[in-house]
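The structure appears right after this line, and notes come after that.
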Amino acid sequence: MDRRITISNFQLMALIVISTIGTSSLYAPATFAHYAERNSWYLVVVGGIMGLLNLLVLLKLNKFYPDKNILAICTHLLGPWFGGGLAFLFVFYFLDLSSWILREFSQFFIIALNPIIPQMWYLIAGAIMCAYAVYHGLEVVARVSEIVFIVTVTTFLAIYVMLINQYHPEYLLPILEEGLIKPLKGLMLSMSWFGDLMFISMIIQYVRKTKSTTAYAMAGVGITFLLLLMSVLSCTMLFGGEATATFTYPSISLIQNIRLFRNIERFDAALVVVWVMSSFTKITAYFWSAFRGLSDLLKLKQPKRWIIPMAAAFVICSRYKVWGLVELTSFYDHQSWYFVLFQLFIPTMLLFIASIKENMKKSR
């Protein structure tokens, strides 16, 4: 069955962009401004470089083992016991990350749209949508991502262009007045956001490989970098660095400043729609990764029967992770090393071990 699953290079690029820019677009300007104020763009630049490095590590691992995902690579390099334990940790990470994004999804609706509806209903609605998509398979998710990608990129570009006459470039001055090191206090958080492309370690084996596959994947990181940079610069040039840090969702406040023909406003609904679609795609990508990984490790004969129990588990996990937005933001801020550990550090260790083994084979 797996051999018939194929996605295109463009779909890979779309999944990378949507899953990386989707949720971070709401929080990033305020969070980066908390660390660097007017120099928030610097965190985006350095984080983008680290995101590109993260991608290259995953692509290099796939080059060594083109028919294996990250879980199979763990067991191949580290053996059935230690490697198998690490593979189960990756499954837990995928499912855990899905629950964090689902909690963001519900928290946003409660704060920005309708606080009356109980949070559990938002969680259940999100889980049902993702479970339905996972049931129909990766190819369906990849096709949907093409549409979401076009809508997302077009919407963000339109927002930044319509605000161009309200920007104050002088808010960016002086540039890096405190040096290159001090703003990097928020680098780990920036790395964790750009590392959200980590799910490709589970789907890269299903990509229809061509000479342009690496270029498409790098283009995905490049587009994400540009959109996030434009988001941070727009908020800084419109509100200033200090004011941006005080907003809960600065991108929503940003879009509320758009006026067309003096009467047309309230474009924030468009951003909400785009964010919901992006969040859905990201949750689904990681939920599918957890489902695929658990099916492979346990060698399930009828894996689709596990979709509903897994969906129920990550709904319950999402509900009781944190009490509210403050705790959610605090965890992302202070525990970002947890995400980077699975996104970059462990894959880098696996790449190092794989390189040693490949060199030993060549020397023989």
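With a sphere of radius 14 Å drawn around the Cβ of residue 103, what net charge do the other residues whose Cβ falls strictly inside it have (Lys, Arg +1; Asp, Glu -1)?
Summing Lys and Arg as +1 and Asp and Glu as -1 gives 0.
The gain in end-to-end length when the residue 270 to residue 139 segment is fully stretched comes to 44.5 nm, 0.36 nm per residue minus the alpha carbon separation.
In a reduced charge model with +1 at each Lys and Arg Cβ and -1 at each Asp and Glu Cβ, the stretch 9-351 shows a dipole moment near 1100 debye about its Cα centre. Of the cross-linked pairs 60/362; 299/362; 63/362; 211/361; 68/209, those separated by over 24 Å at the C-alpha level are 299/362; 211/361.
As a calculated quantity, the FRET efficiency between residue 162 and residue 242 at R0 = 22 Å, using C-beta atoms, amounts to about 0.35. Taking every full run of DSSP H in the chain, the ones that stretch at least 30 Å from end to end by Cα along their long axis and average 0.0 or higher on the Kyte-Doolittle scale are 9-36, 40-64, 84-108, 138-162, 213-239, 268-298. For the pair the stretch 307-359 and the stretch 79-151, the centres of their Cα atoms are 13 angstrom apart. Normalised by the residues of the chain, what does the relative contact order come to in percent, with Cα pairs under 8 Å and at least six apart? With pairs under 8 Å counted, the relative contact order is 41 percent. The modelled label-to-label distance between residue 357 and residue 212, using points 7 Å beyond Cα along the C-beta direction, is 3.3 nm. Atom-type composition of the exposed protein surface of the chain places 67 percent of the accessible area on carbon and sulfur (1.4 angstrom probe). With coordinates expressed along the principal axes, the C-alpha atoms belonging to the chain extend over 67, 49, 37 Å, beginning with the largest. Per residue, the stretch 9-351 exposes 43 Å² of accessible surface when a 1.4 Å probe is rolled over the protein heavy atoms with every protein chain present. Taking other residues whose beta carbon is less than 15 angstrom from the beta carbon of residue 306, and scoring Lys, Arg as +1 and Asp, Glu as -1, yields +4. Neighbours of residue 78 by Cβ distance under 15 Å: Lys/Arg scored +1, Asp/Glu scored -1, total +2.
Descending by average beta-carbon neighbour count within 10 Å, the peptides 332-342, 144-154 line up as 144-154, 332-342, the highest first.
Highest mean first, the peptides 183-192, 350-359, 295-304, 27-36 sorted by other C-beta atoms within 10 Å per residue fall in the order 27-36, 183-192, 350-359, 295-304.
Each peptide among 42-55, 278-291 gets the average number of other Cβ atoms lying within 10 Å of its residues, and from highest to lowest they stand as 278-291, 42-55.
The values are calculated or read from the model by the stated rules, or taken from the named source; none is laboratory data. Here the structure is a predicted model, which is why all the values come from computation and not from measurement. Positions of Cβ are generated from backbone atoms using ideal geometry, with glycine treated the same way; all protein chains shown enter the neighbour counts. For accessibility, only protein heavy atoms count, side chains too; no ligands or nucleic acids. Shrake-Rupley method; radii C 1.70, N 1.55, O 1.52, S 1.80 Å.
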